[in-house]
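The values are calculated or read from the model by the stated rules, or taken from the named source; none is laboratory data. Here the structure is a predicted model, which is why all the values come from computation and not from measurement. For neighbour counting, all protein chains shown are included, and Cβ atoms are generated from backbone atoms with ideal geometry for every residue, glycine included.
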Amino acid sequence: MNLLLLCRDRFVLIAVILLILVTFCTQETKADTGDTTTVYTFIEQNHNWTGEGSTTHTETFTFPDGSTDYNQAIMTYRISCPPGGCDPWDRIANLYVVNTIDDSTEDVLEIARIITPYNIVGGGGPGTCAWEFDMIDYLPILRGEVTLRSYIETYIGPPQGWECTVTFYFIEGELPIKPYRVVNLWRAGYLPYGDPDRPPESVLGNYTVDIDDIAESATLRIVTTGHGQGNTDNAAEFSRKDHGVVVGGAQIFEQELWRSDCAQNPCSPQGGTWQYNRAGWCPGQKVNPWDITTIQLIPGAPLDIWYFLEAYENFCRPTNPNCVSGVTCSDCNYNSTGHTEPNYCTTGQLILWSSQTSTVAPPMGRVLPTRLALMQNYPNPFNPVTTIRFSLPTAGHTRLSVYNVAGQEVAVLTNGNLSAGSHSVNFDGAALSSGVYFYSLTSGDITVTKKMLLMK
């Protein structure tokens, strides 16, 4: 009996000690991290190609008003399967902050990107996956009333698709130097690669940022993923290519766009080839940004930024007259399976930091393009709706029209005065037959034309 009592007393003593340690550690953790403010957005938003669960969701949410200091900002992004099942294919998913400039212009800034898993149900996978993103750089734009846009590329109709939940956590604390301004540079959702008739420079362009007097440091953030296969060098998804930026005319930074850790994927197992190394495109993983933090800047002086790509030509493209299917290339024509056009999805941002509490710059700013630019429509081929984006260096009368191969005008998408900056227009070809069409942008005395393909 005495032995039992002794053992019991020791167990009680151990339990008390453990309780004290747990309480102490919990209090210390809370004191170190500070109070947390949680913002829930897009709770189980259903994304699919048709019906109410469209691929794009735009809503406004209430964030902290900016009067409280935070030293941590974390966002969790979770996708799960709706009752009808997940989209089994790996697709691109983006989360944006949207700033409305006027009735026809908006500044859209990407804050997170993932590649959806490749069949996490049929392959015995978990059926739901979550990722964590550091949002500290975006504190200036995540305050007050914030409009968010969630997009998951999917061509699956109901009942399949994805359900998306996004949650933000803001933890109180002091930062010795704070982000105060986020400048949008380029946002190329579909950047063709390897086509001499559509050089990437025509979309990316050169940008000049006026650096504020209070700026002490800057982060140049670039997010790029490559997609497309069955091309020369199996570009762009399975091809290692160099990407780079020139900053201030003399500072050159280069990155080999490649991920060798696709197999070390917490969202697993998956079906298909999810474990293969890729050009930034790992199914079931978040896309890591390329952050350049060693930029030399001069407060109050302009900073030039130019993005460049490794020289490359895709000889397995329909516009190459020397391409012969089954001879020089397995297939010269793009299709929806083994041969898709090489392309990149790339965004660029400049985040400015300062220790001064008084800021003179807007928290979210946009840089006007230095020349007229007409982007390739996306998606392309399309059925029946596609988006056409273009940028204007100056305000003025602008006309955007669509023509058939006979040169007949079949639609006028824009015809009037537009402000300088980036614009986007949706084109619905439901009333037209399948085939090649041209869209032409005229502003001032400059006209730019591109080709698109409607496939029904």
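Applying the criterion of being part of a loop (DSSP other than H, G, I, E, B) and of a type in the set (A, V, I, L, M, F, W, C) to the residues of region 308-339, the residue that is nearest to Ala112 (Cα to Cα) is Ala311. Among the candidates Arg221, Arg240, which residue alone is out of contact with any Lys or Arg (no Cβ under 6 Å at 6 or more places or on another chain), touching a residue at least 40 places away in the same chain (Cβ under 8 Å) and among the basic types (Lys, Arg)? So the residue among Arg221, Arg240 that is out of contact with any Lys or Arg (no Cβ under 6 Å at 6 or more places or on another chain), touching a residue at least 40 places away in the same chain (Cβ under 8 Å) and among the basic types (Lys, Arg) is Arg221.
Can you pull out the residues in region 251-271 that are assigned to a strand (DSSP E or B) and among the acidic types (Asp, Glu)?
Matches in region 251-271: Glu254, Glu256.
May I ask you to verify whether Cys316 is surrounded by 17 or more Cβ atoms within 10 Å (Cβ to Cβ), without any contact (Cβ under 8 Å) to a residue 60 or more places away in the chain and not charged (D, E, K, R)?
no
When region 413-439 is filtered for residues that are assigned to a strand (DSSP E or B) and farther than 24 Å from Val108 by Cβ, the ones remaining, listed by number, are Gly435, Val436, Tyr437, Phe438. Scan region 265-307 for residues that are touching a strand residue (DSSP E or B) at 6+ places or on another chain (Cβ under 8 Å), under 14 Å from Thr116 (Cβ atoms) and among the polar types (S, T, N, Q) and the total you get is 1. For region 204-250, which fully contained strands (runs of 3 or more DSSP E) count at least 2 residues that are more than 17 Å from Thr294 (Cα to Cα) and over 19 Å from the mean Cα position of the chain (by Cα)? Passing ranges, in order: 206-210, 241-247.
For Trp281, the conditions (1) within 27 Å of Thr219 (Cβ to Cβ); (2) hydrophobic (A, V, I, L, M, F, W, C); (3) surrounded by fewer than 16 Cβ atoms within 10 Å (Cβ to Cβ) are fulfilled apart from (3). Among the conditions (1) loosely packed, with under 15 Cβ neighbours inside 10 Å; (2) modelled with pLDDT of 90 or more; (3) under 25 Å from Asn206 (Cα atoms); (4) within 27 Å of the chain's Cα centre (by Cα), the only one that Asn417 does not satisfy is (4). Determine whether region 103-115 contains at least one residue that is closer than 27 Å to Arg221 by Cα, modelled with pLDDT of 90 or more, assigned by TED's automatic domain parsing to the domain that holds Thr154 and not aliphatic (A, V, I, L, M). Yes, that holds for at least one residue. So for region 246-264 (the condition being more than 27 Å from Trp131 (Cα to Cα), crowded, with 18+ Cβ neighbours inside 10 Å and in the same structural domain as Gly338 (by TED's automatic domain parsing)), does at least one residue qualify? Yes, because at least one residue in region 246-264 is more than 27 Å from Trp131 (Cα to Cα), crowded, with 18+ Cβ neighbours inside 10 Å and in the same structural domain as Gly338 (by TED's automatic domain parsing). Restricting Trp281, Trp274 to residues that are in a loop (DSSP other than H, G, I, E, B), at pLDDT below 95, of a type in the set (Phe, Trp, Tyr) and within 30 Å of Ser330 (Cβ to Cβ) narrows the list to Trp274. Taking region 287-309 as the range and being modelled with pLDDT under 95, under 20 Å from the mean Cα position of the chain (by Cα) and farther than 12 Å from Thr208 by Cβ as the test, the residues that pass are Tyr307, Phe308, Leu309. Is it the case, given these coordinates, that Asn94 is more than 27 Å from Val425 (Cβ to Cβ), modelled with pLDDT of 90 or more and not in a loop (DSSP other than H, G, I, E, B)? Considered against the rule, which asks whether it is more than 27 Å from Val425 (Cβ to Cβ), modelled with pLDDT of 90 or more and not in a loop (DSSP other than H, G, I, E, B), Asn94 comes out as no. Checked against (1) part of a loop (DSSP other than H, G, I, E, B); (2) under 30 Å from Leu303 (Cα atoms); (3) touching a Pro at 6+ places or on another chain (Cβ under 9 Å), Thr394 passes all but condition (3).
How about region 284-305: which of its residues are in a loop (DSSP other than H, G, I, E, B) and either closer than 28 Å to Gly230 by Cβ or not β-branched (Val, Ile, Thr) (or both)? Across region 284-305, the qualifying residues are Gly284, Gln285, Val287, Asn288, Pro289, Gln296, Leu297, Pro299, Gly300, Ala301. Taken together, Ser443, Ser401 contain a single residue that is more than 26 Å from the chain's Cα centre (by Cα), at pLDDT 95 or above and within 14 Å of Leu374 (Cα to Cα), which is Ser401.
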